[in-house]
């Protein structure tokens, strides 16, 4: 099982929130983090809508979240709220699933006016699952993540320097937070001591392309 599970809550593919999650995972992996990604859009819809937590694929996803030490939850903002697809998956998690874990909310939305979704919508539902230790989180406006198709037809998202700095900061915060969790003995991510400059060198290829390889749950 991976230390860090990233939940992509968008019902659509491709999606800016998922692309940002992939970019964040790239930074976490560069610092030595162990990540896995759950894409709600890939889970069996009938089982998800029917709340069949005993379905083998859903059970595996739930167990991955249970076993993680840190969880990142990403969602697009729809009408000032997180996605219904994300809520459907979160409803399958047992109470107190997030107790003792480091939790990071990430959201993308059409305007800066939806920034408060992190504090007033996403964090409360995560708190209902036992989350008490939060990082600062990330909110990105859609215009900060422009998309286009390359010659092969693949959808590519571009992350400018400011967005990359914010994602690097959150990656650092997550890993430093994991090192400070109770029961952790010493530094478990030694690359952190070299700082963000080293991280920039280790992730010198900019931008995300969809689809992208990586430690994907489904």
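The values are calculated or read from the model by the stated rules, or taken from the named source; none is laboratory data. This one's a predicted model, so the numbers in the text were calculated from it and none came from an experiment. Quick reminder, even Gly has a Cβ in these numbers, built from the backbone with ideal geometry, and neighbours come from all protein chains shown.
Of all residues in the stretch 105-136, how many are within 20 Å of residue 11 (Cβ to Cβ) and exposed (fewer than 15 other Cβ atoms within 10 Å of the Cβ)? Residues meeting the conditions: 1. Going by what's in this entry, would residue 176 be described as within 16 Å of residue 16 (Cβ to Cβ), without any contact (Cβ under 8 Å) to a residue 24 or more places away in the chain and surrounded by 15 or more Cβ atoms within 10 Å (Cβ to Cβ)? No, not satisfied.
Across the stretch 127-154, the number of residues qualifying as within 18 Å of the chain's Cα centre (by Cα), over 30 Å from residue 93 (Cα atoms) and not in a loop (DSSP other than H, G, I, E, B) comes to 1.
Which of (1) at pLDDT 85 or above; (2) in contact with a helix residue (DSSP H, G or I) (Cβ under 7 Å, 6 or more places away or on another chain); (3) within 26 Å of residue 40 (Cα to Cα) is the odd one out, the single condition residue 212 does not satisfy? Failed condition: (1).
As a summary of the residue check, residue 86 satisfies the conditions (1) under 29 Å from residue 181 (Cβ atoms); (2) at pLDDT below 95 except for the one numbered (2). Scanning the stretch 7-64 for residues that are under 13 Å from residue 93 (Cα atoms) and surrounded by fewer than 17 Cβ atoms within 10 Å (Cβ to Cβ) gives 51, 52, 53, 54, 59, 60, 63.
Checked across the stretch 185-194, the condition of being more than 16 Å from the chain's Cα centre (by Cα), surrounded by 11 or more Cβ atoms within 10 Å (Cβ to Cβ) and either within 23 Å of residue 18 (Cα to Cα) or at pLDDT 85 or above (or both) holds for no residue.
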